[in-house]
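Only one structure is covered here, and it is reproduced in the block below.
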Amino acid sequence: MSGQIPVTPSPDGIAASVKAAKTRDLPPVHLWNPPFCGDLDIRIAKDGSWSYLGSPINRFELVKLFSSILKKEEGKYYLVTPVEKVGITVEDVPFVAVDFDATGSGAAQILTFSTHVGDTAKAGPDHPIRVEFDPKTQEPSPYILIRANLEARIDRKSFYRLVEIGTDHEDWFGVWSGGQFFPLIRSADLG
């Protein structure tokens, strides 16, 4: 017998662990490899809302705290602290990019995206934009990499704004940011 008391993960326990280890920046979840403690019934819906046991988590501070300890490994999402790792369900991706600022023009343009939990990312080689198309409806779903294998779905209004500032480049219609061109759709398919 090891003498350790088994711990049952809970949202409150996870929040307390994170607050105890909190630094000014994002926690170094990439350095934390605690044992897997099971799954929690925490769900991030496609619209970016969080719920626990089917009830919405309405406290922004708690959602922001949990979002800071998200980790994606082998296609699964986890909340990670220095001492525990619990699985959660993410319907699409964990973040929603709700706005962006554009500065500069052409290849020198910089697009800085903001998420619903306050993260920012400048689109470029380290934060690429990609678009998936629904095979049945052909509706686009645009995404940007926010951090460490975690993406944000770009909301509809922001995507329309991207289309407004888009340009043609080598048979593709897309946007420039950080010296990189991000294709949104083949120019020939614009119709």
Whole-Hz couplings from phi, Karplus 6.51/-1.76/1.60, listed for the range 165-172; x for Gly and Pro: 9, x, 8, 8, 7, 6, 6, 10
For a quick check, take a GNM of the chain with Cα springs below 10 Å and name the residue from Leu162, Leu150, Leu53 with the largest mean-square fluctuation. Leu53
Give the percent of DSSP beta bridges with both residues in the chain that are antiparallel, rounded to the nearest 5. 85
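Express the carbon and sulfur contribution to the solvent-accessible surface of the chain as a percent, rounded to the nearest whole number, probe 1.4 angstrom. The partial results should precede the final answer.
Details: 5650 of 10900 Å².
Here it works out to 52 percent.
Relative contact order, percent, of the range 20-127 when contacts are C-alpha pairs under 8 Å separated by at least 6 residues?
25
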Mean Cβ count within 10 Å, highest first, over the residues of peptides 91-99, 133-141: 91-99, 133-141
Give the angle, between 0 and 90 degrees and rounded to the nearest 10, that separates the Cα long axis of helix 11-21 from the longest principal axis of the Cα atoms of the chain. 80
Using the heavy atoms of the protein chains alone and a 1.4 angstrom probe, what is the accessible area of the chain per residue in square angstrom? 57
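Mind scanning Lys64/Lys85; Lys71/Lys136; Lys76/Lys157; Lys46/Lys122; Lys64/Lys136 and naming the pairs with a C-alpha gap bigger than 25 Å?
Working: Lys64/Lys85 18 Å; Lys71/Lys136 31 Å; Lys76/Lys157 29 Å; Lys46/Lys122 22 Å; Lys64/Lys136 34 Å.
Violating the 25 Å Cα-Cα cut-off are Lys71/Lys136; Lys76/Lys157; Lys64/Lys136.
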Order by protection proxy (mean Cβ within 10 Å, highest first), peptides 176-183, 121-128, 103-110: 176-183, 121-128, 103-110
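Magnitude of the Cβ-charge dipole of the chain, K/R +1 and D/E -1, about the Cα centre, nearest 20 debye? It would help to have the intermediate numbers written out before the result.
Values: 20 positive and 25 negative charges, 119 e Å.
Magnitude of the dipole: close to 580 debye.
The values are calculated or read from the model by the stated rules, or taken from the named source; none is laboratory data. In this text, all values refer to a predicted model and were calculated from it rather than measured experimentally. Cβ atoms come from the backbone with ideal geometry, glycine included; neighbour counts cover every protein chain shown. For the accessible areas, the whole protein counts, side chains as well, though only heavy atoms, and no ligand, DNA or RNA atoms are used. Shrake-Rupley method; radii C 1.70, N 1.55, O 1.52, S 1.80 Å.
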